[in-house]
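The values are calculated or read from the model by the stated rules, or taken from the named source; none is laboratory data. Since the structure is predicted, the reported quantities are computational estimates derived from the model, not experimental observations. Because the Cβ atoms are built from the backbone with ideal geometry, glycine has one as well, and the counts that use them run over all protein chains shown. Heads up: the accessible areas ignore ligands, DNA and RNA and are worked out on the full protein's heavy atoms, side chains in. Shrake-Rupley method; radii C 1.70, N 1.55, O 1.52, S 1.80 Å.
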Amino acid sequence: MDDTRTVAAAGAAGPLAGFTVGVTAARRADELIALLRRRGATVLHAPALRIVPLADDSELLAATKELIACAPDTVVATTAIGFRGWIEAADGWGIGEELLTRLRATELLARGPKVKGAVRAAGLVETWSPQSESLAEVLDRMLAGGVAGRRIALQLHGEPLPGFVEALRAGGAEVVVVPVYRWMAPEDLAPMDRLLDAVASGAGAIDAVSFTSAPAAASLLSRAEERGMTQAVLAGLRGDVLSACVGPVTALPLQARGVDTVQPERFRLGPLVQLLCQELPGRARVLPVAGHRVEIRGHAVLVDAELRPVPPAGMALLRALARRPGWVVGRAELLRALPGAGRDEHAVETAMARLRGALGAPNVIQTVVKRGYRLALDAGDCSPAD
């Protein structure tokens, strides 16, 4: 999937039409992008990491041989892709059946339905699995049953789980970590840099960024630091750019930097998209102007429910007018709102003409001779923006 931005057609406006959503996912990105575009969103795909399988990794081979030689009491499978990768790697080394034999004889805990599916696909049956997909629930169950003296194998899911491991060791368990794959920065950093530039621009270039893993969030922030733009990116994420995370663990790197996040009740891609369908339209500015219902979205405007794409300069002018609806905004102030306009106030007139044409309702914006422009707010609604 490339990072081409595709604008929804005006005649097929969906709940996310007119909004731009950044997707940082590498795994299952196609599925998430399809869900967003189906609802009208423009998508900026910027993988923040890549998954590197460790089929030839000495750590994984050593851990697997150790578990075959000395059976664990409990094995915790944390991700479907990781568990499948472990079994496939063992098969490649010629020790797959030995590993499966060991796993059949141990307590096998699967973190949620997807992991349970991978376990059963390998011909195994899990001892227990939480419906919540919460590792905290798995840990609570293990600690409640007592772990002292037990040998526990933990399949890692791309990053260390220090709190989980430390809690087990503090309870007296011997923990063997099984690192099946690792997260690494993407080979092509250009898409991520474009996403960071959009977040930092503060010009409505992007409305939301979706995160489906904590490493992706951490990688994006790390790249911002490498480019010397941490403060600008954090300002965007703390301001108008919505951070939508698939779950609370994913949100932790952002929350640690003071970024508010939203998360669906169910930690799935579908509910994540539905959450964006609620949150973004709820943030849009809706005004009754010249007998029309005008809803200002990220890069487009709904005029009486018809999607009208607007050029960036026009959106900048419209947002400046909407900050004080019904009030006259001078050309000099509007010129300052235009990106890269320079000092020529004729740029305002040109951009305003294009904006009126894009809206398809020229009377929405009134010219006040020798003063500037104003949104023709309907009678009874003439109050400045909050």
Query raised in the report: If the cut-off is a Cα-Cα distance under 19 Å, which aspartates and glutamates reach residue 370, setting aside same-chain residues fewer than 8 apart in sequence?
Result: 333, 344, 345, 349
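Might you report the magnitude of the Cβ-based charge dipole of the chain about its Cα centre, with Lys and Arg at +1 and Asp and Glu at -1, to the nearest 20 debye? Mind showing how you got there, number by number?
Details: 43 positive and 42 negative charges, 265 e Å.
In total the dipole reaches around 1280 debye.
Which of the GluC sites (Glu not before Pro) across region 205-305 are loop residues per DSSP, with 12 or fewer other Cβ within 10 Å?
Numbers: sites: 225, 226, 265, 279, 295; in loops: 265.
Counting only loop positions with at most 12 other Cβ atoms within 10 Å, the GluC sites (Glu not before Pro) in region 205-305 are 265.
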Report summary line: In the list [x] 85, 47, 43; [y] 87, 37, 36; [z] 63, 57, 40, the entry giving Cα extents along the principal axes in Å computed from the coordinates is [y]
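222 nm [θ] for the chain, helices only, -39500 (n - 2.57) per DSSP H run of 4+, per residue, to 500?
Working: 15 runs with 162 residues, N = 386.
Value at 222 nm, helices only, nearest 500: -12500 deg cm²/dmol.
Among the DSSP beta bridges whose two residues both lie in the chain, what percent are antiparallel, rounded to the nearest 5? Write out the running numbers ahead of the final one.
On the way: 23 of 49 bridges.
Antiparallel bridges: around 45 percent, rounded to the nearest 5.
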Query - Between region 93-109 and region 221-242, the alpha-carbon center distance in angstrom - result: 45 Å
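Using a/c under 1.5 as the rounded threshold, could you call region 219-268 rounded, prolate or oblate? The axes a ≥ b ≥ c are square roots of the C-alpha gyration tensor eigenvalues, and prolate needs a/b larger than b/c, oblate otherwise.
Numbers: a/c = 2.69, a/b = 1.83, b/c = 1.47.
Taking the square roots of the gyration eigenvalues as a ≥ b ≥ c, region 219-268 is prolate.
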Query raised in the report: Which percent, to the nearest 5, of DSSP beta bridges fully inside region 228-350 are antiparallel?
Result: 90 percent
Query raised in the report: Put +1 on the Cβ of every Lys and Arg and -1 on every Asp and Glu Cβ in region 57-205; which of 113, 156, 179 then has its Cα farthest towards the positive end of the dipole?
Result: 113
Report task. For the chain, report the accessible area per residue in Å² (1.4 Å probe, heavy atoms, rounded to an integer). Result -> 45 Å²
**Report entry** Between 0 and 90°, nearest 10: helix 190-201 axis offset from the chain longest Cα axis
**Finding:** 50 degrees
Report task. In vacuum, with every alpha carbon of region 273-386 counted as one equal point scatterer, what does the Debye formula give for log10 I(q)/I(0) at q = 0.12, 0.15, 0.24 Å⁻¹? Two decimals, please. Result -> -0.40, -0.62, -1.47
Query raised in the report: Which angle from 0 to 90°, rounded to the nearest 10, does the C-alpha axis of helix 269-283 make with the longest principal axis of the chain?
Result: 20 degrees
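Can you give me the % of accessible surface on region 30-112 that is carbon or sulfur? Probe 1.4 Å, all protein chains present, nothing else counted. Intermediate results must be reported in sequence, preceding the final value.
Values: 1670 of 3350 Å².
Percent of accessible area from carbon and sulfur atoms in region 30-112: 50.
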